[in-house]
1. Quick one: how many Å² of PHE412 are accessible to a 1.4 Å probe, rounded to 10?
2. For a protection proxy built on the mean count of beta-carbon atoms within 10 angstrom, sort 298-306, 236-244, 144-152, 27-35 highest first, please.
3. Give the lysines whose C-alpha is closer than 27 Å to that of LYS70, dropping any in the same chain fewer than 8 places away, or say none.
4. Please give every one of the lysines within straight-line cross-link reach of LYS418, meaning a C-alpha to C-alpha distance under 19 Å, and leave out same-chain neighbours fewer than 8 residues apart.
5. Go through 348-357, 251-260 and give me the packing order, highest mean Cβ count within 10 Å leading.
6. HIS27: net charge of surrounding residues, Cβ under 14 Å, Lys/Arg +1, Asp/Glu -1, itself excluded?
7. Just read off the accessible area of ASP111 with the full protein assembly in place, 1.4 Å probe, to the nearest 10 Å².
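The values are calculated or read from the model by the stated rules, or taken from the named source; none is laboratory data. Values in this document were obtained by computation on a predicted structure and should not be read as measured data. Cβ coordinates were reconstructed from backbone atoms using ideal geometry, including for glycine residues, and neighbour counts include every protein chain displayed. The protein model used for the area step is the full one, side chains on, heavy atoms only, and it has no ligands, DNA or RNA in it. Shrake-Rupley method; radii C 1.70, N 1.55, O 1.52, S 1.80 Å.
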Amino acid sequence: MVILRSHNRREKERDRISELPEPLIHHIFSFLPIKCVVSTSILSKTWRYRWTSIPIIDFRDRKCPSAYTKETKAFIRFLDRVLSFRQDVHSPSIKKFCISFDISIGKSLIDEWITTVLGKKVEELVLNDRRGSTLLPPGLFSCESLAILEISKSYLQLPESVFFPNLKILRLSVFVEKEQVIQRLISYSPILEELILKGFNWPIQHLSIFCPNLKRLLIDYAVDPNFDIQINAPNLQSFKYSRVLAKDFALPKFLTLLDAEIVLACPAGCRERGELGHLATKLFSSLSYVKHLTISDCSLKRLSYQDHFQKKMLTFHNLIHLKVTSARLYFGLGCRDEGNLPCWVVGILLDFLHISPNLESLIFAEGLCRYASTSSNEWSLSPIPQCLLRSLKLIEFHGVWGKQVEKDLIRFFLKNAKVLQKGRRYIEI
């Protein structure tokens, strides 16, 4: 009995966490702020240097002050200490490194930090650079180990030499002055699979994306662009386009497209309705092979500006899942500057269903018809889309649907969807 108690006591006092495999401890560390990770060095001799080999170093939770203060000095000392353990040639490689910095830190220090990380065969690098036009170190743009690169920068310039032989994911939230900046980054990333572009006020005329291996593309532009967009990505599987329409589009039919999301915001700038309708139709026509599509209320509004909509659009034979959402949910914007969402926008949705003959599920997101008007005569007597008669099996309504037009819309679908298996109502009427 005494021996059993002694064994139980030893089991309770046993340091099971220290016995965990190092990769598992590193995985746990990846969920903690870097300061907490470093503080584990005071636990015991076993833990004193364990943090120095972590593969993920993320400083984004430690905001760099915008002026040179005591906090800035403390930030620099802390970051220097963390990286000092990785300068030895025998120290472990760094898998992921993230940092935000401002003008309060000198260029030479930042270049030294980035160079140290590049020397440790970093695979993922996230930089939030708020220093304006200051150049990033040239070695960054010819790093052979990088697989993921994310840059948020108010002004991006490139050195003469650019080559990313192993880069698969590129995420840019930047200001660029020349269209060649984006083109060079894409052209010299031969196996690029994912591209995210976020920008504003680019003084360029063309945005060209030629990328044979690209599978995922997101374009989010904050204001009316003065440039056209040309895309050649024969293996594209996922396409997301947000906010405002480009000046023009040169897009192929994306034959391998699985999912797409077109969430336009309602403010239209100074452009004419006919121009907006033509551009929206051009954009959507390139998506005719898609299987899963998300579209905003304001995207429907743009499509409604196109005369003879069904004749101008291609048929979406592959489309099986359609989600209709609200721009307000994405951008905090609505259609207030263009009036309430009228019933003929619901009518354009029915027109869209006419060119989606094999649709199986239709989802109405929360907040979609919050601004709807009160008359449904323009669409309730329209011909019934074929998908309602043959293929539509699931309809979901989310949010508050209390106005008469909304109730009429629900009744319309529940009455005419002949093969409906589930009509879910996450709603209050």
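1. Roll a 1.4 Å probe over it and PHE412 shows about 20 Å².
2. Highest to lowest by the protection proxy: 298-306, 236-244, 144-152, 27-35.
3. Those lysines meeting the cut-off are LYS35, LYS107, LYS153.
4. Result set, ordered by chain and number: LYS393, LYS407.
5. Listed from highest to lowest mean packing, they are 348-357, 251-260.
6. +1
7. Number for this one is 30 Å².
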